[in-house]
Structure formats: structure tokens, C-alpha cells
1. Looking at B:GLU90, B:GLU113, B:GLU79, B:GLU141, can you tell me which residue is within 13 Å of chain A (Cβ to nearest Cβ), part of a loop (DSSP other than H, G, I, E, B) and of a type in the set (D, E, K, R)?
2. Suppose we filter B:ASP288, B:ASP282, B:ASP249 for residues that are over 18 Å from the mean Cα position of the chain (by Cα), over 23 Å from B:ARG167 (Cα atoms), within 14 Å of chain C (Cβ to nearest Cβ) and without any contact (Cβ under 8 Å) to a residue 24 or more places away in the chain; which single one remains?
3. Condition check: out of contact with any Cys (no Cβ under 6 Å at 6 or more places or on another chain), within 14 Å of chain A (Cβ to nearest Cβ) and small (Gly, Ala, Ser). Does C:SER6 satisfy that?
4. Out of the residues in the range C:62-76 that are modelled with pLDDT under 95 and assigned to a loop (DSSP other than H, G, I, E, B), which is farthest from the other protein chains (Cβ to nearest Cβ)?
5. In the range A:255-279, what residues are more than 10 Å from chain B (Cβ to nearest Cβ) and buried (at least 17 other Cβ atoms within 10 Å of the Cβ)?
6. Would you point out which residue out of C:VAL130, C:VAL98 is outside the structural domain of C:LEU262 (by the TED database), under 28 Å from C:ALA305 (Cα atoms), β-branched (Val, Ile, Thr) and buried (at least 22 other Cβ atoms within 10 Å of the Cβ)?
7. What are the residues in the range C:218-238 that are closer than 26 Å to C:PHE111 by Cα and surrounded by 20 or more Cβ atoms within 10 Å (Cβ to Cβ), if any?
8. Of these, B:VAL135, B:VAL183, which one is more than 14 Å from B:PHE268 (Cα to Cα), in the same structural domain as B:GLY34 (by the TED database) and touching a Cys at 6+ places or on another chain (Cβ under 9 Å)?
Amino acid sequence: MKNFLSVHDAPSVGRLIERAAAIKADPFDHERTGHHKTLINLFFNPSLRTRLSTEKAGMTLGFQVITMDMAGGWKLEFEDGIVMNLDRAEHVREAAGVLSQYCDILAVRSFPELVDRDADYADRVINAFVKYATVPVVSLESAIRHPLQSLADCLTISEHRRSARPRVALTWAPHPRKLPQAVANSFAEWMVNWGEVDLVIANPEGFDLAPEFTAGAEVVHDQAAALRGAEFVYTKNWSSYTHYGATADLPGWIVDEDKMALTDNAYFMHCLPVRRNVIVSDGVLNSDRSLVLQQANNRTWAAAAVLEALAG
Amino acid sequence: MKNFLSVHDAPSVGRLIERAAAIKADPFDHERTGHHKTLINLFFNPSLRTRLSTEKAGMTLGFQVITMDMAGGWKLEFEDGIVMNLDRAEHVREAAGVLSQYCDILAVRSFPELVDRDADYADRVINAFVKYATVPVVSLESAIRHPLQSLADCLTISEHRRSARPRVALTWAPHPRKLPQAVANSFAEWMVNWGEVDLVIANPEGFDLAPEFTAGAEVVHDQAAALRGAEFVYTKNWSSYTHYGATADLPGWIVDEDKMALTDNAYFMHCLPVRRNVIVSDGVLNSDRSLVLQQANNRTWAAAAVLEALAG
Amino acid sequence: MKNFLSVHDAPSVGRLIERAAAIKADPFDHERTGHHKTLINLFFNPSLRTRLSTEKAGMTLGFQVITMDMAGGWKLEFEDGIVMNLDRAEHVREAAGVLSQYCDILAVRSFPELVDRDADYADRVINAFVKYATVPVVSLESAIRHPLQSLADCLTISEHRRSARPRVALTWAPHPRKLPQAVANSFAEWMVNWGEVDLVIANPEGFDLAPEFTAGAEVVHDQAAALRGAEFVYTKNWSSYTHYGATADLPGWIVDEDKMALTDNAYFMHCLPVRRNVIVSDGVLNSDRSLVLQQANNRTWAAAAVLEALAG
């Protein structure tokens, strides 16, 4: 594996899940993996789970781990050929080249602006680091994908499925702010490429995800139809891809006990942070069918499997 | 020891002081204590000594240490049962549950608002982490207590006392801003529970600390009376508990050479940061009777003793 | 070596370069250097390269490394004898004394204000830490010097020189903001004290550096004259020392392909961050004559050599 930006970088989703499970089963049996290697985590946006789980994974594998919050420093320029006489003090070409000399793996988080779809979907920040870095680049969530979350979700589903090929429902849910499509995009493409689940996606009209991520999944606009027979209910808000960045005030899409009753005694999943009684009711989130903490725990082992693959 | 929130968590103050002294005497003889364990330090408020001494203690004992500044990220919700459609993106229930999976010990700093006494004295932030975390929680200063400071102060007094049962005077001193009662509350309850000193507390009328912390100490409103015969003078400003958050412009309460002359050649103590020539005169702080640097040094060994007890 | 603030602290520039080269050649052969030692990096101003390279160097040598961003906390007081009743919560005397107890080496970054020349050139922040710290102090760039950058530059030149005594041209270049003289001051004094190059400095009239840094170098106001025959072109903007903090809009001072054609097939050097097509053209920076990434890489080994010398 050269970089870890999307499911397309993983030679085999199944094999990566197996490695995550193996490290989870015996975390400190892999301390030589990162020996004499350095991991740098670069954050252009805030993070709690991603930061802590990746730091934990790196340390557990024996890496020297350095985390850098870019919000406290100067802005980077991402355009080529321009006269840099405004507020951006350093070009990503230098930044990525320099950072590559201080580490063996470079992990980067960036968010979309949710204003200009073409700009966001060009995934400029992470792609510029890939272009100019000379070490493997890991996405800690980019403008349009969150692959470490998705790998952790695959591991969680693999640990809890009852059937060989469970029905997984990804459902849109309400949220007071406009959010990226990254988690949903990634979840869809990982489920489809993993090939061991049947994915149905339910969202309001106007909230269909970009087809490049959902090809191979069923997309419906009837939440109840999607939930029926589901073994896993993955819930997430996203702003509109078609009317880019638009939101909708649809409180009826909350996932509560009544909705869960439609399923095949499904597990509830969410990437966190989650807004209680907006996205999901307290009753569902507090129930023993909720896997949100297990998902968060698996972030560590997903990151560890990726670091192992890139350090190899 | 299950958590470390107050003196009431310590089975024996004396024993904890002994362990701190033992680790101080031979710091690197305890590198296995934290082996394959992770300490996460979570800061909702700024810190210099607490952060650095706890990081140092953790590393010295062999922990993987991760420090997270929450000010750069999203706000947590602490109320149960509410509809989270405003500015708080994550409930402490999820945050504490998630963090517990990334570490073996979770240390948290939070400050009071100094507006609503009942709210502050419910010590909501630290107690919510205790409620929802599944690992031991350490207070790095809460709204109403600063137990690591107090344990370091106990160690410092034990190292410098001349008499078996020294007289210790805790005196209020002036400050331009309104400050928490946390350090004074904690100092009082640790001194009383330690049981090896006689504590007298001097403060202006209207600045008596909450009785739950001072029971067993003498409280007077005459600073000179408190200082007479004292072997240790612990100085600290706090805002009013009774007229909650009120301050007083009483420059006469400064601790200077004249005040120290009333004592039994006492040592001067303060938790730092200290405002020179407001709280204490340059002459006292620069003298060889000042223990403020020793107190700060002992923060490391107090933290180490607590981490050891919780990791055991 | 007691501290590392300027070239004057280095017993021998040549020997320090040799140690940096030796550690670079075999980084992990020196893991005992920092064993059971702690390095604290304190930042009063933002940093990318300096922070990451110093952290990397410290970890590679086996130090426990703690980095603290002072911007998130309270302000320090640097004046002696004043009544601290305003916005500065802690005196550097306590801060430096306390920090000295948490580490074996204390590294500090601070910037000038570029308003009051006497104040800046007193280099108050770093000198206060030197005065009150009880451990060696390393400058991570002070108001007037950047010695770790200069040592890395010496190593880079030593690796790439063709002649025993190359001609090195330091040239001023345009920039939209007013910048410190620190990098240029340091570069000049290191080149002169190293004694193995001929240094010529080219800058516009009114931009001569302080003579204490440039004694021993040739100073000219004709960029082309300086570049002719140069084997290395070190480019940097600085604001005026004589008309303190003044800038000049002189786009003709950019270093581009035409300028480089005047040299003896020179290497291009810059400390980064660099503004493309303002300081230097894309063509020069992207060419194989650019050493900017090598300089940044050598920051790690310069820091390592200094940490080794101070830990000894």
C-alpha cells in the first residue's frame, strides 16, 4: 500500500480488517513495526477520536509520534504558479517536502468548505500532500472521504454480524449545521468494495450522494423501507451534494426506538460526535444495540493496520 | 485507589507522600509502572505546571502520554436528556466512553465559572467524566479542588518541617482578578486529613471557605494572629464563597517581610503562578525561605505517586 | 557548551558541523544521549520546521520531548521589581525556575516586536530564560538570532561546496510583510565565525544589518556584484535595522533565473517558509540547484548536535 486515501488504496478490505483484528487481539506484540520510524499527524481542522486513536495506534506500534495543529500557524498556498504576496506564507510543495524529511508516514486532516463543490471534490489539500510528499500519506479525513472511520466500521460490523451477508442501512438524519459528505461517501464505498454486505442508503430527495461512491448500493428516499430487515443501521447527517451544501429541516428522519423496531434487531452505528435527540434518541444510543463506543475503539486498530501496511 | 479527585480518595495521605518521596529519590527505578499503559491529559483550561509535571511524571513512569487541549475543538454537552441542537456537538457520555478506550488513566482539568455557586460546587465536568469513564479519572484541578497541588504541598511540608506538628497558616492575599477557591479548598482538606499539622486559615470577613473543606481548621479574620508562630505560610487569593465570586481590594493583606517577621522563621509557600508585589513582595519571594520552586518540583512526584496508585 | 544562543556559544563551528554530520549518518546510534533526560520546547510564536525538527532530533537521541505552546496560556512578566496587577500572571523568574525542574534542556522560541529596536536587540525573552533557568537554554529563534537555522545552513554548505573556500552571497529579497533580521543576522555571524567561506552581503541602501553581525563580511548594495562568482546564494528578506522595522517595495531584488545566471552555477538557499515569485521565482526554487529541502532536513541534525553537546 502506497498511501491510504480511500478504499481503492487497500489491496484487500478483508485482509486489512483481519490485520486490524489481529493487532487488537494482541496490541503490544507489534512494537517493532514502527521502531525507529516517525509518524507526523497534521491537523488543519479539529479532531478528538481521529487524533487520539491515531496517536495511540502509532505509539502502540512503536512509532515516534508527533502531532501538529496547523490552525495555530501560517496558512499554506495550494495553487501553483502564483505570486505569493498575500496571506499565505508557505507553499504546500515546500511544506510537504520538508515534512517528508521529518517522518516516515505523514497523516493529514482537512475539511471541505461546502461552498464550491468542484473545489471540494478535487480534494485539494490531501492530494497536494500526496503530490509533493515523498513518504506515504494517510487521510485522517479529507474534504470528501474518511477512510480510517470506514475501516473501523468494517471491523465493527465484522465483529457483530449474525449473517454471512448482512443488510446494512445507511440513513441520513437531521442536524442543525451543514456537514460534509465525507463519512457517508467513505462508508458507502467501503461497504460496496468490501463485498460482504448488502448496502441500502436512505436519504431525503435532494440528498443523494455522488454516484462515484454509491455505485453498487441501493439508494431509496423512504427511510422505513431501508430499515426493514437491516442488521446494522448506520446513521449520519450530510449536506446536499446536488444542491451543494444545502441542509434540510426534517426532524422526522431521527433514528428512534420506533425506527429501530422496523429492523431485524439491528445494531445502531454512528461515527461520533453525535447530537442526542437530533440524530438519534437517547433510548437508542443508550441501548445495548448501540455500537458507537465499539466503533470508536476500533479507530485505534484500523489506524494500526494502516500504519503497519504503510511501514512494511 | 479508584479515582483521584480529592483527599477522600487517598486511603492514606501519609502513605501517598511516602510514595511520592520514594519516586522522587529514584525516578527511573519505576519505568515499568506505566509500561504498555496510556495516560490521556485533557485540558478544558490553560495550564503550565500541571500539564508539564503530569506529562513528566507519566513519561518517567513509562506511560504513553497524550495531551489534548479541548479549547481548540468542539464544546461538550453535560446535561442529560436534552435536544442537542445548539452549539454543543458531543455529549460527555460519548466523550468519556470513547476516551476510556484510548487510555488506562484519564486526567482532566476544568475551571469554575464563578457565577453560579451551586453549579460550580456540583463540579459537573470532572464528575461527569467520573460517571461515564470506565478508567480511573485524575483531577488536574476541578471547579472546586486541586488535589495534585495539595499532595505536592504535603510532600514539600514533610521535607521542610522542623517540628513534628508544625503550625501552618493559610492566608488570603490580594489579586486583581476573581479566582477559584480550588487551591485553598484542597489545601485545607489535605492539611486536616493528613493530620500532622495544625492549620489556621486567615481571610477577610466575607471570604470564609466552604465549611466542608475547613472543618478541623481554625478560621480567623486577623492575618497577624494567624501568622504568629507559623512554621509555614501558605498564601493564596480566592474570590468569595459566601458572596459568590466577589473580590476585595485589600492591598494590606499582601505577604511581605514585615508579615513574615511575625512567624516562627516560616517558609513561604504559593502554588504559582504568583503576582509579585500584589500577593507577595519580591523580598519574600526571592528569599531562601521561599519554597515555591520546591512545591512546583514536587508536582511531578505527587503526580507520579497518584499515577502509580491508579495503575497498580 | 553551556547554552546555545549564538555562534559564540559554540567552541568550534567546524566540530559542531562534524557532529551533526555524524548523527545524520547514523541517527539511531545515539539513542543513549538523551536517555532519562527531558527536553522542553517552549513556543511564544508559531513554528513548523523548528518545532518538528527539534522534536524529531530529541526523540531520535532518546530524550523525553515535551512541547508547550505558550500562546494558549497566560502572559509572562519580564520586568523586575514591578507590581504585577495587570495582565501578566506569572514572572519569568518563576516560570524559568519551574521549567528547569521539569527538564534537562529548555528550548525557547520568541519573536521581536519590530517597533523598538533597543528592546528587541536586548533579546529580553531568551535572555530572561538564560538568567533564571538552571538548565541549558537553546534558542529556537530569538528576537535577533536563529542559530539552529545557521548551523543547519553550515552543514548544508559543507555538504555541497566545490571549493575549499566558496564565495557565499547573502542577498536581501522582497517580501510583503515586515520580517525580523534574525535569520540574516545569524547567517552572517555563523559564516564569518566558521571561517571557511567568503561572505558577501547584498541589500538595498538602508537595509544594512547591525555591524556586530556582519563584521568580517563584505556588504554591498549592488545585488549583481554580490552574485557574480558566488557558489551559494542565500536569499532572505529582512526589515530595516537602521530605519527600524521599515520595509521597501523593491520587486527587482527577486532572485530569478537571470540572477542565478550571474553566479558560478550557484546553489540557491532559503530558510523557509518562502513566498514563491516574490522572494524567488518558481524556476529557481524548482530547479536542482535549490537546497531548501536539504536545509530543512539538516535542521534535525543541527538540533541533534546541539542537544548532544548540551546533554554531555
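The values are calculated or read from the model by the stated rules, or taken from the named source; none is laboratory data. Everything quoted here is computed from the prediction, not taken from an experiment. Here Cβ is always computed from backbone atoms with ideal geometry, including for glycine, and neighbour counts include all displayed protein chains.
1. After applying the criteria, what remains is B:GLU79.
2. After applying the criteria, what remains is B:ASP282.
3. Taking the combined requirement at face value, the residue does not satisfy it.
4. Looking at residues that are modelled with pLDDT under 95 and assigned to a loop (DSSP other than H, G, I, E, B), I get C:TRP74.
5. Correct list: A:VAL255, A:LYS259, A:MET260, A:LEU262, A:THR263, A:ALA266, A:TYR267, A:PHE268, A:MET269, A:CYS271.
6. When all the criteria are applied, what remains is C:VAL98.
7. C:VAL233, C:TYR234, C:THR235, C:LYS236, C:ASN237, C:TRP238
8. B:VAL135
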